[in-house]
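The values are calculated or read from the model by the stated rules, or taken from the named source; none is laboratory data. No experiment lies behind these values; they were computed from the predicted model shown. Note that we place each Cβ from the backbone using ideal geometry, even for glycine, and neighbour counts take in every protein chain shown. With ligands, DNA and RNA removed, areas are computed over all heavy atoms of the protein, side chains included. Shrake-Rupley method; radii C 1.70, N 1.55, O 1.52, S 1.80 Å.
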Amino acid sequence: MKINSEQEMLEFGKNFDITSNVIELIGDVGAGKTTFVRGLAEQLNIKEPVTSPSFTISKSYAGKTKTLIHYDFYRLEDPGIMQEDLLENLKNPNNIIVIEWSDSVKDILPENHTIINIKYNDDNSREVEIQ
Ligand code: ADP
Ligand code: MG
């Protein structure tokens with residue numbers, strides 16, 4: 001699927017059919033992963049602005065019925081205590097968990113979670129693939 005602009009990426013997140021409580025986002029820095037999460041937050045009625053959790057690794061946003069938990073394990077070889085935190089949050093079916101740079105925690109993700117791949121095109125558009 002082709003996403004032509006930041007606005008379209010927000011819309012994509014806003015309308016995304018959440019079929020699994022765990023969504024893994026794959027794509028280079030600046031691909032639009034966090035932008036997608038912003039759209040998702042809108043869908044979940046979260047008013048608080050979503051910002052990249054790079055330094056804190058995770059950020060949590062309470063929505064109307066679900067809680068959005070956004071992880072970013074960028075360049076973290078050993079997730080340490082954050083792996084326990086993720087494991088704990090995976091147990092709660094009210095959590096929608098979105099993960100950027102999941103390499104170090106791949107083993108603990110449920111088998112049938114959603115994977116979204118985002119790739120740059122030359123013209124600022126993005127190619128999005130859902131698995
Ligand atoms: P990531 O989390 O993957 O590192 P971000 O979502 O933080 O990426 O940043 C993506 C950047 O690319 C934003 O500044 C956004 O405005 C810009 N952008 C330009 N075109 C698009 C597009 N088609 N889809 C998503 N983001 C886009
Ligand atoms: Mg990001």
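Yes or no, residue by residue, for (1) in contact with a strand residue (DSSP E or B) (Cβ under 6 Å, 6 or more places away or on another chain); (2) within 16 Å of ligand 2 (Cβ to nearest atom):
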site	(1), (2)
S5	no, no
M9	yes, yes
T19	no, no
E24	yes, yes
G30	no, yes
T35	no, yes
P49	no, yes
A62	no, no
T65	no, no
Within region 14-28, take every residue that is within 16 Å of ligand 1 (Cβ to nearest atom) and farther than 21 Å from P79 by Cα and give me the one that is least open to solvent (accessible area, probe 1.4 Å). F16
Of those in region 41-64 that are closer than 23 Å to Q83 by Cβ and open to solvent by less than 20 Å² (accessible area, probe 1.4 Å), the residue farthest from ligand 1 (Cβ to nearest atom) is Y61
So for region 29-36 (the condition being in contact with a helix residue (DSSP H, G or I) (Cβ under 6 Å, 6 or more places away or on another chain), touching a residue at least 40 places away in the same chain (Cβ under 8 Å) and crowded, with 19+ Cβ neighbours inside 10 Å), does at least one residue qualify? yes
Could you count how many residues in region 69-90 are open to solvent by 70 Å² or more (accessible area, probe 1.4 Å) and either more than 25 Å from A31 (Cα to Cα) or away from ligand 1 (no atom under 16 Å from the Cβ) (or both)? 5
Hey, T51 hydroxyl-bearing (S, T, Y), part of a loop (DSSP other than H, G, I, E, B) and modelled with pLDDT of 95 or more or not: yes
